[in-house]
Amino acid sequence: MLTRGSRIFYGTIIFYLVLTSCSLRVSIPTVSDDSVELLVRNEAAQIVAASEDKERVSDYQIFLSDFPRKDILGMSIGNRRIYISHELAKLASRRSFHLWLLRQTLAHEIAHETAGHAKETGSNSLNRSTLGGGVSSVDVGLPWIVRFRNYSTDKELEADLKGLGYWEKLGWDCRNWVRILQNFERQNYSGDVFHPTNKRLQQAQRVCLTEAKNGVI
């Protein structure tokens, strides 16, 4: 976690303009930090190379953002565009725990992209509700006139599962993923309606148990 007791959100949202004016364009504010950007790009490239998008590594655009809401770690918005918390990335350059947290976040976001979640507009792909600590446009530095939709819990769990698959291909220990979620629980972070920590942890533990039985770890 970035801070004890902070609530963590992944890039589980896409946004759309309330206004219909095609002349109005918005973008999530970004920051430039060459050394940190290099770290994030290199980590992302490893994960993409282990994914279904392995031939499209160069198509991914990874941005750093100082989200006004400091507990947001990252988000994917479609078209292989991903935003990562600048604070998390800086910490990842210095601390092992945060490096694994960055890797988890990237794997989760890349999985959203490879699954095409941002392109799915059916009732099963997106929740219209923002109950349970949903993220607002202001939270990520956008005008209040931009509304957010959250991916469904099923899509969030799917992104975790696919991300864990990328970790396995890379030879990364799934127990690190489990420890991150256990750390969330120790800090009394139960998640929100879209990111239930208990379900995410249970899924990760099942994956790790399977890998252990298969001699992967």
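The values are calculated or read from the model by the stated rules, or taken from the named source; none is laboratory data. All of these numbers come straight from a predicted model, not from anything done at the bench. Methodologically, a virtual Cβ is constructed for each residue, glycine included, from the backbone with ideal geometry; neighbour enumeration extends over all protein chains shown.
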For residues that are in a helix (DSSP H, G or I) and either hydroxyl-bearing (Ser, Thr, Tyr) or in contact with a Gly (Cβ under 6 Å, 6 or more places away or on another chain) (or both), scanning just the range 170-211, find the one that is surrounded by the most Cβ atoms within 10 Å (Cβ to Cβ).
THR197
Of ARG56, ARG69, ARG41, the only residue that is basic (Lys, Arg), closer than 22 Å to LEU170 by Cβ and in contact with a helix residue (DSSP H, G or I) (Cβ under 8 Å, 6 or more places away or on another chain) is ARG56
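Working only within the range 37-55, note down all residues that are acidic (Asp, Glu) and either loosely packed, with under 14 Cβ neighbours inside 10 Å or closer than 18 Å to GLY74 by Cβ (or both).
Here is the first cut: in the range 37-55, the residues acidic (Asp, Glu) are 37, 43, 52-53, 55.
Listed by number, the residues that qualify are GLU37, GLU43, ASP53, GLU55.
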Tell me, yes or no, whether the range 142-153 has at least one residue that is in contact with a Pro (Cβ under 9 Å, 6 or more places away or on another chain) and buried (at least 18 other Cβ atoms within 10 Å of the Cβ).
yes
Restricted to the range 31-74 and to residues being assigned to a loop (DSSP other than H, G, I, E, B) and modelled with pLDDT of 95 or more, the residue nearest to SER137 (Cα to Cα) is SER32
Going by the conditions given, is ASP34 among the charged types (D, E, K, R), more than 14 Å from the chain's Cα centre (by Cα) and surrounded by fewer than 15 Cβ atoms within 10 Å (Cβ to Cβ)?
yes
Suppose we filter the range 93-116 for residues that are part of a loop (DSSP other than H, G, I, E, B) and touching a helix residue (DSSP H, G or I) at 6+ places or on another chain (Cβ under 6 Å); how many remain?
1
Pairing a residue in the range 27-50 that is free of Cβ contacts under 8 Å to residues at least 24 places away in the same chain with any residue that is assigned to a helix (DSSP H, G or I), where Cβ atoms lie under 8 Å and the two sit 6 or more apart in sequence or on different chains, gives ALA45/VAL57; ALA49/VAL57
